[in-house]
Amino acid sequence: REPVPCVALCPAGVDIPGYIALVKEERYADAVKLIRKDNPFPTACALICEHPCEARCRRNMIDSAINIRGLKRMAVDNARANTVPVPEKAESTGKKVAIIGGGPGGLSAAYYLELMGHHAVVFEEKSKLGGMLRYGIPNYRFPRERLQEDIDTILSTGVEVKLNTRVGNGEGEISYNKLHEEYDAVYIAIGAHTDKKIGIEGEDANGVMSAVEMLRRIGDDDMPDFKDKTVVVVGGGNVAMDCTRSAIRLGAKKVGIAYRRRQTDMTALPEEVEGAIAEGAELYSLKAPHKIEADENGNVTALWVEPQIIGPIDAWGRARPIQADVPLLRIPCDIVVVAIGQGIETRHFEEAGISVKRGTITAMSDSEVKDVHGVFAGGDCVTGPATVIRAIAAGKVAAANIDEYL
């Protein structure tokens, strides 16, 4: 009832003081086992978690937080996740659970359900597992082989996987209603894989791409050709920084970031923004996109932006931008990457009678979908786009609730 502050701030409730003590004693495999009790992706979180735990670290009262994520990385670098055995499984219950989506949320639920003795079957529409860990986070931040260590460990529990399998009503797709009939429970963890449009003139020009599309191509090893091109990324979150730093690595001549607020108001982690600037990206802060200019062949030639000034503070404590009374500014470029958020593809589920509100699936506090018995949902498709650790936490909670239901 009175948790340690760092544990209280971790969405998955990982025993942070416990694994730090084990790392100190150089018991790295035991530290990985302890992390895995609440989070089956120790390697992913050691490399890319946004570490909310450090915000409330008690050490902040003296100087600054302990490098909690760094200590977790020390554990997984000295005892690779795929070399540390998983706990013994409970006796089989004979129940089967369909999990739609092979990202961090779906795989976490599958891992815990298998340990509890229920058989989990994961349906993934892409050719590889990992969801946004693979198709949203570039290799320089999270090498694919390290992701595979976590996935292999989860699959070692006996999780069944069906790749290249889409749930929907089209040809060659499995219908959601069929899953609902054939399985004892269904967990929807589809993530947020569709892009959002800015809604400005020229958005359909050649050379405009969304962050989701760019990072998905990189995840599939189909690298976009940015050699000697000028790229402008629109947005100020972690995804925008991933696109910026990936564009630099893909050989872009110049990369800029257009953001309608100040640098201090960016939602990206400060070290990601500093990293992008240190690598040579130019920051156009207080610049709201106005229109995209294209030549007679329909290719992008420039992004026009409206300079802003800071206005009143909003509910989030960030200054709201107001249009400045100055002329528009032209930023010449060959490619515009739009990184202003993601959406969820809910149409098939809506047609099947699942409650969808404001583009997300409506789930109750016990993860069960409103008004539908035996169907659960969690992660980005319920909360909207969030962090990896939140998806993992949702998967863990859902597994417990599905177990209770079964």
* Global geometry of segment 204-325, whether rounded, prolate or oblate, following the gyration tensor of its Cα atoms and the 1.5 cut on a/c -> oblate
* Asked: What percentage of the solvent-accessible surface of segment 187-329, computed with a 1.4 Å probe over protein heavy atoms, is contributed by carbon and sulfur atoms?
  -> 49
* Structure fact -> Applied in sequence order to segment 85-94, the curve 6.51 cos²θ - 1.76 cosθ + 1.60 (Karplus, θ = phi - 60°) yields integer Hz couplings, x standing for Gly and Pro, of x, 7, x, 5, 7, 6, 4, 5, 9, x
* To do: Might you work out the accessible area of Asp222 for me, using a 1.4 Å probe with all protein chains in place, and round it to the nearest 10 Å²?
  => 80
* Pick out, from Gly237, His348, Asn164, the residue whose Cα sits farthest towards the positive end of the charge dipole of the chain, with +1 on the Cβ of Lys and Arg and -1 on the Cβ of Asp and Glu. => Gly237
* **Candidates Ile137, Ile190, Ile198: whichever shows maximal mean-square fluctuation once the chain is modelled as a Gaussian network with Cα springs under 10 Å** => Ile198
* To do: Give me Rg over Rh for segment 226-269, both radii from the alpha carbons and Rh done the Kirkwood way, two decimal places.
  => 1.00
* Send over the per residue convex hull volume for the chain, Cα only, as a whole number of Å³. => 164
* Asked: Which sequence of Lys72, Lys396 reflects their accessible areas, 1.4 Å probe, from the largest down?
  -> Lys396, Lys72
* To do: Pull up the cross-link candidates among the lysines for Lys254, meaning alpha carbon to alpha carbon under 26 Å and not fewer than 8 places away within one chain.
  => Lys196, Lys197, Lys227, Lys229, Lys287, Lys291
* Roll a 1.4 angstrom probe over the protein heavy atoms and tell me the percent of accessible area of segment 1-146 that is carbon or sulfur. => 50
* **Within the chain, helix-based [θ] at 222 nm, where runs of 4 or more DSSP H residues each add -39,500 (n - 2.57), nearest 500** => -9000 deg cm²/dmol
* Nonlocal amide H pairs with Tyr284, under 5 Å, H built at 1.01 Å -> Ile257, Ala258, Tyr259
* GNM top mover of Ile62, Ile331, Ile292 - the chain, alpha-carbon springs below 10 Å -> Ile62
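Ordering Arg347, Arg245, Arg358, Arg330 from largest to smallest accessible area (1.4 angstrom probe), what's the sequence?
Largest accessible area first, the list is Arg358, Arg347, Arg330, Arg245.
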* Among the lysines, which fall within straight-line cross-link reach of Lys178, defined as a Cα-Cα distance under 26 Å, with same-chain neighbours fewer than 8 residues apart omitted? -> Lys95, Lys96, Lys126, Lys128, Lys162, Lys357, Lys370, Lys396
* **Where segment 294-375 is the region considered: accessible area per residue in Å², 1.4 Å probe** => 56
* **Beta bridges per DSSP with both ends in the chain, % antiparallel, nearest 5** => 40
* Backbone HN-Hα couplings from phi across segment 41-47 [Karplus 6.51/-1.76/1.60, Hz, Gly and Pro as x] -> 10, x, 5, 4, 6, 5, 9
* Choose one answer from His51, His180, His373: the residue with the largest mean-square fluctuation in a GNM of the chain with alpha-carbon springs under 10 Å. => His373
* Structure fact -> For segment 227-288, dividing by residue count, accessible area per residue (probe 1.4 Å) in Å² works out to 40
* Asked: Once amide H atoms are built 1.01 Å from N in the peptide plane, which residues 5 or more positions from Asp195, or in another chain, come under 5 Å H to H?
  -> Gly343
* Go through segment 160-173 residue by residue and turn each phi into a ³J(HN,Hα) via Karplus (6.51, -1.76, 1.60, θ = phi - 60°); whole Hz please, and just put x for glycine and proline. => 8, 10, 10, 7, 6, 10, 9, 9, x, 10, x, 5, x, 9
* Provide the net charge surrounding Ala12, with neighbours chosen by a C-beta distance below 9 Å and charges set as Lys +1, Arg +1, Asp -1, Glu -1. => +1
* Which three lengths, in whole Å and largest first, does segment 278-402 cover when its Cα atoms are put on their principal axes? -> 57, 40, 31
* On average, how much accessible surface per residue is there in segment 1-151, in Å², for a 1.4 Å probe, leaving out ligands, DNA and RNA? -> 43
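The values are calculated or read from the model by the stated rules, or taken from the named source; none is laboratory data. Because the structure is predicted, anything quoted here is derived from the model rather than measured. FYI the Cβ positions are ideal-geometry reconstructions off the backbone, even for glycines, and counts take in every protein chain you see. Note: areas computed on protein heavy atoms with side chains; ligands, DNA, RNA excluded. Shrake-Rupley method; radii C 1.70, N 1.55, O 1.52, S 1.80 Å.
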